[in-house]
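Encoded as structure tokens, the structure appears first; notes follow it.
Derivation of every value follows stated rules applied to the coordinates shown; laboratory data play no part. Please read these numbers as outputs of a predicted model, since none were measured by experiment. Neighbour counts run over all protein chains shown; Cβ positions are idealised from the backbone, glycine included.
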Amino acid sequence: MSADSRNQNFSDSVRKSTRTVGSEKEEAAVRFLVRKGCNILARNFRVRSGEIDVIYLDGDTVCFGEVKYRTSENKGRAEQAVNYRKQYRICRVSDHFRAVNALGEELSYRFDVLSVGEASTGEDRIRWIRNAFPYISK
């Protein structure tokens, strides 16, 4: 086995996959929401047009939450990654969720972003941006 392949195997075993890290950060965001008194309705709600990371009740408001993670802010804040295209997709998926669960227009809805970053203590620092963007109609 060459030195290059040994180094590759070592770095692969030490470094977590992006998916694993993403799942851990989503789990941290869900724990944060529960501590804040939210009731989790669904996680990773997926349809053909996309996915919503977490759907929850904050009081009597149905919230659609996008979890974003960055190891540093060198490339911008995590919430900046939720661009118009992503917002539009989340709105379409929220339409499916509301239809599947027969939720009407009389309810209050909100689109949030949970920005997860690492604090200097090694703990996750979560910034909860309520009403991060408006509903985008078709």
Summed residue charge, Cβ within 14 Å of residue 33's Cβ, Lys/Arg positive, Asp/Glu negative | +1
Cβ-based exposure ranking for 49, 115, in which fewest neighbours within 10 Å come first | 49, 115
Within segment 31-117, trypsin sites (Lys or Arg not before Pro) in DSSP loop having at most 15 other beta-carbon neighbours inside 10 Å | 36, 48, 75, 77
Neighbourhood charge, 10 Å Cβ-Cβ cut-off, centred on residue 138 and excluding it, Lys, Arg +1 and Asp, Glu -1 | 0
Neighbouring Cβ atoms within 10 Å as the yardstick, rank 103, 33 fewest first.
-> 103, 33
According to a simple spin-label model (label point 7 Å from Cα along Cα-to-Cβ), what is the distance in nm between residue 101 and residue 40?
-> 1.4 nm
Here the relative contact order (percent) of segment 22-129, from C-alpha pairs under 8 Å and at least 6 apart, is 27 percent
Charge context of residue 98, other residues only, Cβ under 12 angstrom, K/R +1, D/E -1 | -2
